[in-house]
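So the structure is just underneath, and the comments pick up after that.
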Amino acid sequence: MGFQGSCPTCGAPVEFDVANSLLVVCESCSSAVGRGDGKLEDYGKVADLAQTDSPLQVGISGKVKGKFFEVTGRTQYQHAAGGVWDEWYVAFDGGERWGWLAEAQGRYYLTFPRDLPADHAIPSVESLDVEDEIMVPKVGRMVVVEVGQATLISAEGEIPFSFKPGEVNTYADLQGAGKKFATLDESNFYLGGEFPLEKLGIADIESRDDGERTAASVSLNCPNCGGSLDLTAPDHTERVACPFCDSLLGMDEGNLQFLHALKQTKVKPVIPLGSKGELRGREYTIIGFMQRNVRYQGVNYPWTEYLLYTPRKPFHWLVNSENHWTLGKPVSAGDVRAHVRSARYQGKTFKTYDRSIPEVTAVYGEFYWKVELGEKVAATDYIHPPLMLSREETAPIAKKKQQQKPVAAPEINTGGGVPPIVPPIVTDGAVAGSKSSQKQTSSREVNYTLGEYVPVEEVETAFGVSGLKRPTSVAPHQVYQHKSVYPTALALLGAAIVLGLLMFAISPRKQVYVKEFQVSTSDASQEVFSEPFEVRSMRNLRLVCSTAQTSKWAYVDGNFYNEKSGKKTDFSVGIPQNKAGSKRKRVKYMSSLPSGKYTMRLKFQFQKVTSPTQRTVKIAVQQGYPRMRYWFLLMLALVAAPIGVALHQLGFEYKRWESSDFSPFSTE
């Protein structure tokens, strides 16, 4: 049942439509009106709402996991490092249950307040540091990704907690596996998860755009040089670097303010700011460009980064390092397990490649945070080609190690029950809690970015540019381009083995003639003839000649004589030198002959034989014996190819790791 009254400031009517809401913003004078002990109280005026391109608005409804909700109010928070985001309050079952829909940088988080059992406690916000871990019952491991402060600057509609405009709140944001999300304030715990906008069940979301506040560009003039600047994402922009006069500009309620001149080396983007393109299934606009640099052993290693903007989607990055290109997207720290030598993400192991402290050395265009020349972060790169997982920590400080107790929290649901009336979370620098904190907690944040290697030709096609330089080095996460040889060679090797076994199994292997001939070693002109034997066509011939007596070389010259056609097919076989008591033979393969009856004419010669004067030479004619020599040569070729590629890949891997302090080839 609703409640009506008069604004204590201006007297205009105010109405509480949701039974459990505690505060409403007067539409006439923008005062925060709270209901206390039977009367309405004025908590102060809120500032005008900053315009954003949010698709949400007070009064619309949606559905999550089969439960309907209505958006009843909104607050706006400002991070200590800049940035304004919206926090929407959603009522389930007429306000019997409240949820908070946080919206920041194209990401949406739905969370609910959770009571803690008496035997569990949470660490204080002041004791937490980024990447500290908290075990949450029924949820599991959650990682602290940000600790900082934010200010509540504005609001509208009905809200389930009381606040005073301008309150500064201390918070810690946590992420868990499977896009779970939580926020801690000084004494409360809020649990939920990240939800894509399309899964919030809000019908016709695109039709709810404010016609004057879409993603269209806004043209403003540089307050320093007067140059015309087209801002693509004005609702997200905190800093603008003028490309005409190298001035760093700040955004203040839609107006540009000169901050200071940038003493930077001119760097020209190879892809112009404002370029639009489609890359890996998403349309982007390039709105920002920066150069970063790492100095190692007295040598500078620069690279450039392009900030990619898609309305209502998380920001992405396109990185160019030594003419290698990488498309990066944000990922949850809760899905990452980082160690000294490796990291795990989505079942993949990434090897540690580099640790550094990159510094911003040039900036142009728009940025969603208050970027500064000389800005530094602590960075670690892990590789799993073609992927690179990058960790960046802002304002790194010494870790505070302490025993942390697990946090108890039931499963997320939107069912019945009246939760305690507590303030909401705010993500990406937002805060949970209504209590004002005067403690100066420095903002500390860790972010993970998953980069994927993109060939330069694909970048050219996506953004309509040409002539981009080709890389001459090996990128840390570049895929070895000849790896496809391995499965192909393995498949061919398997096929060759099967073919060889099949040939051996189905070949008839028939002996059509065999006889031992007694021949004189001193008569080089003697000839002998075999008895007639049958030969079948389409089967190769194998002639086996052997002798058991001691001699050096023996030679057999002869021919096959077709008794029907009279055609002769000559052959010659040399039997190698043998040792006393051993048997030597020579096998000669011949092509198939036409079917018919054949006889052989044989002529023998022996090398330097004195005694005895007679030798026994055995002649066998066989058909259907596969010639395995060629099969072995094929097997050798199929094995040699991947071995050669493996050696080439070894050189490729050596070049990949030659700039890394974590190289597996290092002997230090």
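Laboratory data are not the source of any read-out in this text; all were calculated from the coordinates shown. This one's a predicted model, so the numbers in the text were calculated from it and none came from an experiment. Please note: Cβ atoms are built from the backbone with ideal geometry, for glycine as well, and neighbour counts cover all protein chains shown.
Which three lengths, in whole Å and largest first, does region 508-625 cover when its Cα atoms are put on their principal axes?
Here the spans come out as 42, 28, 17 Å, largest first.
Going by how many other Cβ atoms sit within 10 Å of their own, how do Y448, Y171 line up, fewest first?
Going from least to most buried by this count: Y448, Y171.
With θ taken as phi - 60° and the coefficients 6.51, -1.76 and 1.60, list the Karplus ³J(HN,Hα) couplings across region 219-233 in order, rounded to whole Hz; mark glycine and proline as x.
Calculated HN-Hα couplings, in order: 9, 9, 9, 5, x, 9, 10, x, x, 7, 10, 9, 9, 7, 10 Hz.
Roughly how many debye, to the nearest 20, is the charge dipole of the chain about its Cα centre, given +1 on each Lys and Arg Cβ, -1 on each Asp and Glu Cβ, and no other charges?
7380
So how far apart, in nm, are the two label points at V498 and R282 if each is 7 Å from Cα heading toward Cβ?
My value for the distance between the label points is 4.2 nm.
What value, in deg cm²/dmol to 500, does the helix sum -39500 (n - 2.57) over DSSP H runs of n ≥ 4 give at 222 nm once divided by the residues of the chain?
Result for the chain, helices only: -3000 deg cm²/dmol.
Using each residue's phi in region 305-319, evaluate 6.51 cos²θ - 1.76 cosθ + 1.60 at θ = phi - 60° and report the 3J(HN,Hα) Karplus result to the nearest Hz, with x for Gly and Pro.
Using θ = phi - 60°, the values come out as 9, 10, 8, 9, 10, 10, x, 6, 10, x, 5, 10, 10, 10, 10 Hz.
Among M388, A182, L249, which residue has its Cα positioned farthest towards the positive end of the charge dipole of the chain, with +1 placed on the Cβ of Lys and Arg, -1 on the Cβ of Asp and Glu, and the dipole taken about the Cα centre?
M388
Step through the table entries K180/K469; K39/K63; K138/K370; K268/K376; K515/K568; K263/K313, compare each Cα-Cα distance with 31 Å, and write down the pairs that go over it.
Cα-Cα > 31 Å for K180/K469; K39/K63; K138/K370; K263/K313; rest within.
How far is helix 628-657 tilted off the main Cα axis of the chain, in degrees rounded to 10, range 0 to 90?
That works out to roughly 30 degrees.
Would you work out the relative contact order for the chain, in percent, from Cα pairs under 8 angstrom that are 6 or more residues apart?
RCO, the chain: 13 percent.
Compute the long axis of helix 485-506 from its Cα atoms, compare it with the longest principal axis of the Cα atoms of the chain, and write down the angle in degrees, 0 to 90, nearest 10.
40
What ranking do R341, R141 get, fewest neighbouring Cβ atoms within 10 angstrom at the top?
R341, R141
Send over the Kirkwood Rh of the chain, from the inverse of the averaged 1/r over different Cα pairs, rounded to one decimal Å.
31.5
How would you rank S660, S6, going from fewest to most other Cβ atoms within 10 Å of each one's own Cβ?
Going from sparsest to densest Cβ surroundings: S6, S660.
Sorted by packing (mean other beta-carbon atoms within 10 Å per residue), highest first, where do 292-304, 595-607, 268-280 land?
Highest mean packing first, the order is 595-607, 268-280, 292-304.
List the residues whose amide H sits under 5 Å from the amide H of L262, counting only those 5 or more places along or on another chain, with H placed 1.01 Å from N in the peptide plane.
Those lying under 5 Å, H to H, from L262 are S247, L248.
Under the Karplus relation 6.51 cos²θ - 1.76 cosθ + 1.60, θ = phi - 60°, what is the ordered set of whole-Hz ³J(HN,Hα) values for region 468-478, x standing for Gly and Pro?
Each residue's phi maps through the Karplus curve to give 5, 5, 8, x, 10, 10, 9, 6, x, 10, 6 Hz.
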